[in-house]
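Novice: Got a structure here, written out as structure tokens. Questions coming.
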Amino acid sequence: MQHGPAVRRRKLGAELRSLRARAGLTSGEAARLVGWHQSKVSRIETGTSGTKPADVRLLLDVYGVTDPHLRELMTALAGSEESGGRDHWWHAYRGVLPAAYRDFISLESQAGAMRTLETTVVPGLLQTAEYARAVTRAAVEGADEDQLDTLVEVRIARQDVLRRQPPLRLSAVLDEAVLRREVGGPEVMERQLVRLMEAARLPQVRLQVLPFAAGAHIGVTGPFVIFSFSSAPDLDVVVLDHLTSSLYLERKEDLEAYTEAFNALRAHALSPGESLEYIAATADGA
């Protein structure tokens, strides 16, 4: 298990190493082509040191990588704080957001698909502003109104990934407790359930409810997120959120285990159509 920045460097390095091998180059040959010492290429590929977006672009040029999405993804994984690109809006919040949260947003913004199990609250990408504020107020002890405003602003800005072209494909399994837990009061919760119903009708969103009647399930150990990258499947990663940090699981065995767990949860959950009806009934007080 690695913390966010480390896992991002490791994944970037592994993908660059794979691209170099496909280009038929040794690390020494690649270094000579870009005018570096071979040790710099090795440090980048092993993830022992960070690298600048400009350096990543140089390597991608040498390796003949022209796929714009893959180039954009690799640059984002380099942690392009100085890029100022439109896809890196979260850098404006460096003084407010922890590095691990910025890394999470970076992965979320570049992923092609996201699978998530939520056991306590509505997924951030589907929250209303008032629900997000209530959740944030409870989670961030001592936050003043200005801090809450900023954190809610970030939460809502993240939702643009569902409206971009092509949009992020979101598959979410929600434990029934998410629907029953009254966050922010009855009116806030009612509007949040309406928002969930609207989201469930979007073609890029697959929403399923895991009812209490399903009994104990593999997800009782806690929520998780799986990010998938269509242009670079080796970069797929599992994220586990804790109170004070996030853990990133990158091993193939971990990815397979969580993928199997998510598939099992989907199989035990209500279908998307049944889930929509269940949310509507919950909103009506049934």
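The values are calculated or read from the model by the stated rules, or taken from the named source; none is laboratory data. Treat the numbers as computed from the prediction; the structure is a model and nothing was measured. Accessible surface areas use protein heavy atoms only, side chains included; no ligands, DNA or RNA. Shrake-Rupley method; radii C 1.70, N 1.55, O 1.52, S 1.80 Å.
Novice: What per residue convex hull volume, in Å³, comes out for the range 6-78 when only alpha-carbon positions are used?
Specialist: 70 Å³
Novice: While we're looking at this one, here's another question. First compute the accessible area of the range 92-284 with a 1.4 Å probe, then give the percent of it belonging to carbon and sulfur atoms.
Specialist: The value for the range 92-284 is 53 percent carbon and sulfur by accessible area.
Novice: How large is Rg/Rh for the range 162-212, to two decimals, with Cα atoms and a Kirkwood Rh?
Specialist: Expressed as Rg/Rh, it is 1.02.
Novice: Need one number: % antiparallel among DSSP beta bridges in the chain, to the nearest 5.
Specialist: Here the antiparallel bridges make up roughly 50 percent for the chain.
Novice: In the P(r) worked out for the range 182-255, what percent of Cα pairs fall beyond 15 Å?
Specialist: 73 percent
Novice: Taking the chain as a Gaussian network, where each spring joins two C-alpha atoms under 10 Å apart, which residue of LYS52, LYS11, LYS252 fluctuates the most?
Specialist: LYS252
Novice: Sticking with this structure for a sec: What do you get when you divide the Cα radius of gyration of the range 5-136 by 2.2 N^0.38 Å, with N the number of residues?
Specialist: Expressed relative to 2.2 N^0.38 Å, the Cα Rg reads 1.23.
Novice: Follow-up. Cross-link candidates for LYS252: which lysines have Cα within less than 19 Å, leaving aside residues fewer than 8 places away along the same chain?
Specialist: Answer for LYS252, where 19 Å is the Cα cut-off: LYS11, listed by chain and number.
Novice: Something else now. Over the chain, with the other protein chains present, what is the accessible area per residue in square angstrom, probe 1.4 angstrom?
Specialist: 48 Å²
Novice: Report the convex hull volume per residue for the range 84-203, counting only C-alpha atoms, in Å³.
Specialist: Once divided by residue count, the hull of the range 84-203 is 109 Å³.
Novice: While we're looking at this one, here's another question. Quickly estimate the mean residue ellipticity at 222 nm for the chain, helices only: each DSSP H run with n ≥ 4 gives -39500 (n - 2.57), and the total goes over all residues, rounded to 500.
Specialist: Rounded to the nearest 500, the figure is -15500 deg cm²/dmol.
Novice: Same structure again: Any idea how far the Cα center of the range 148-182 sits from the one of the range 188-223, in Å?
Specialist: Cα centroid to Cα centroid, the span is 12 Å.
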